[in-house]
1. Of the conditions (1) in a loop (DSSP other than H, G, I, E, B); (2) touching a helix residue (DSSP H, G or I) at 6+ places or on another chain (Cβ under 9 Å); (3) under 29 Å from residue A:220 (Cα atoms), residue A:66 satisfies every one except a single condition; which number is it?
2. On the basis of being at pLDDT below 95 and not in a helix (DSSP H, G or I), does residue A:87 make the cut?
3. List, please: which pairs have Cβ atoms under 8 Å, are six or more places apart or on different chains, and start with a residue in the range B:62-82 that is more than 14 Å from chain A (Cβ to nearest Cβ) and end with one that is surrounded by fewer than 17 Cβ atoms within 10 Å (Cβ to Cβ)?
4. Is it the case that residue B:227 is in a strand (DSSP E or B), more than 10 Å from chain A (Cβ to nearest Cβ) and modelled with pLDDT of 80 or more?
5. With B:193, B:166 as the choices, which residue is surrounded by 24 or more Cβ atoms within 10 Å (Cβ to Cβ) and in contact with a strand residue (DSSP E or B) (Cβ under 7 Å, 6 or more places away or on another chain)?
6. Of these, A:137, A:211, which one is more than 14 Å from every other protein chain (Cβ to nearest Cβ), over 30 Å from residue B:150 (Cα atoms) and touching a residue at least 24 places away in the same chain (Cβ under 8 Å)?
7. Of the residues in the range A:243-254, how many are facing chain B (nearest Cβ under 10 Å) and modelled with pLDDT of 85 or more?
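The values are calculated or read from the model by the stated rules, or taken from the named source; none is laboratory data. Here the structure is a predicted model, which is why all the values come from computation and not from measurement. As a convention, Cβ positions derive from the backbone with ideal geometry for all residues, glycine included, and neighbour counts pool all protein chains shown.
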């Protein structure tokens, strides 16, 4: 063998060896959506961001701002569900204790617009995480059929809550109501030294609980400060009797004329487009508290 | 050897005492009443009169009201929020002290009841007279109204009356009486101030009484006075009619009086100048 031949062989061998080493150091391309999402860890990050977006949307966060809802459990179930949908190793619900979609959402009266808003946040969270659009589309296509098991109000009008316009619209009415009461000399004094933000939060939740997602008394506060100021798990909204103790138990109490003045202020701010039936449902909520506000319930509807 | 121990004890005392003071200051601040900010009325038409039955909103003081109440032999009560809450706390304290005397509770629990609640600092005065016959309101009395509640609201005990209202409730079957009362009172205020610029809702008629929670409101509004005539169906309990004459919030309660004084001074000054 000549020197040139030996050198050529050496170079070729070295090149081959380098190629083999290089090939062994690089990761293989992920071949499942689950892997492309980053596995459980990546999905957990996306779901965490998704829950944050949902919590920041006052149109739908009412379903989650109740102490009976464990956000931690929700996150772990969603991670498992997305993992299962995208080729992950664990089936949903498996033995996780998570419920199927129908059972988990039964009786909540979720509307199509609730579902659409929620799905929009999932898409946004995926896109913000840099997930390829084709993969986002795949996930959306997998999630969309769950609407059949989740949505109970396809026309967005089955409940007073939906017809009023969900929490944002309720909040607008309550803001106007509280402003009107604060400017009514006959009754404004009863609200002196009151945490007005907490009052508004509790009133919104009270109306939301007529037939909507809020469970009055199950306030959680900590993560909801922006939308539900003044309340927390240890400072939940109180029942009317407790709230008015002192004002109705004193010797010179709140009377039916004062209560009617309060009702009149609420009547005055209900938007014109609200049906008579929904207006009555809204006012009946306030009316039902009469006996807890007016001493001895004198003059209250029986 | 003792120096580090003394330092540690001093530090601990500082934290406990300082922390306690800071917490107390925070609690005191939280309990502080935030009073409304009263303002002068904006530019615009002023009410030619602030008469409310035998009183003048923005003028009549507590002494005048008390004198009238005495003359009418009415029984009226202080229904100020501060009074209600103070009475309630004193009631609770008396019950607690009785329990303490019987050994059924401790002094620490009683201590919190000795501290006034924030609502006891609210300066607003509400003087309410129940079951007042409409005829007692004088020449300007509602002619078709039953007995009702007369309410006087003062921002504080030193201010003139801000709001005078007469609220009455008609039985459900009295649709005609409600309509008569409504028309009578609307005519009265129209004669004084002109037709109401605002009527929200359906005016009651004898054959079509207001439904439950159906409300109609006629408003006459000036920059220093607002008159509201409101009728609302309350269902089985009947129909409530409320007539309120008040200096609107947040205008200062004495705005009508101050304006009159300022006008009088201007006129006097103008008269002096004209005579020179």
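1. With respect to (1) in a loop (DSSP other than H, G, I, E, B); (2) touching a helix residue (DSSP H, G or I) at 6+ places or on another chain (Cβ under 9 Å); (3) under 29 Å from residue A:220 (Cα atoms), residue A:66 is out only on (2).
2. Numbers: at pLDDT below 95: yes; not in a helix (DSSP H, G or I): yes.
Spelling it out, residue A:87 is indeed at pLDDT below 95 and not in a helix (DSSP H, G or I).
3. Cβ pairs passing all conditions: B:62/B:157.
4. Working: in a strand (DSSP E or B): yes; more than 10 Å from chain A (Cβ to nearest Cβ): yes; modelled with pLDDT of 80 or more: yes.
Against the criterion (in a strand (DSSP E or B), more than 10 Å from chain A (Cβ to nearest Cβ) and modelled with pLDDT of 80 or more), residue B:227 qualifies.
5. Working: B:193 fails: surrounded by 24 or more Cβ atoms within 10 Å (Cβ to Cβ).
The unique qualifying residue is B:166.
6. Numbers: A:137 fails: touching a residue at least 24 places away in the same chain (Cβ under 8 Å).
Criteria check complete, one pass: A:211.
7. Of the residues in the range A:243-254, 1 are facing chain B (nearest Cβ under 10 Å) and modelled with pLDDT of 85 or more.
Residue-wise test of (1) surrounded by fewer than 18 Cβ atoms within 10 Å (Cβ to Cβ); (2) free of Cβ contacts under 8 Å to residues at least 60 places away in the same chain.
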position	(1), (2)
A:192	no, yes
A:197	yes, yes
A:204	no, yes
A:207	no, no
A:221	no, yes
A:233	yes, no
A:239	yes, yes
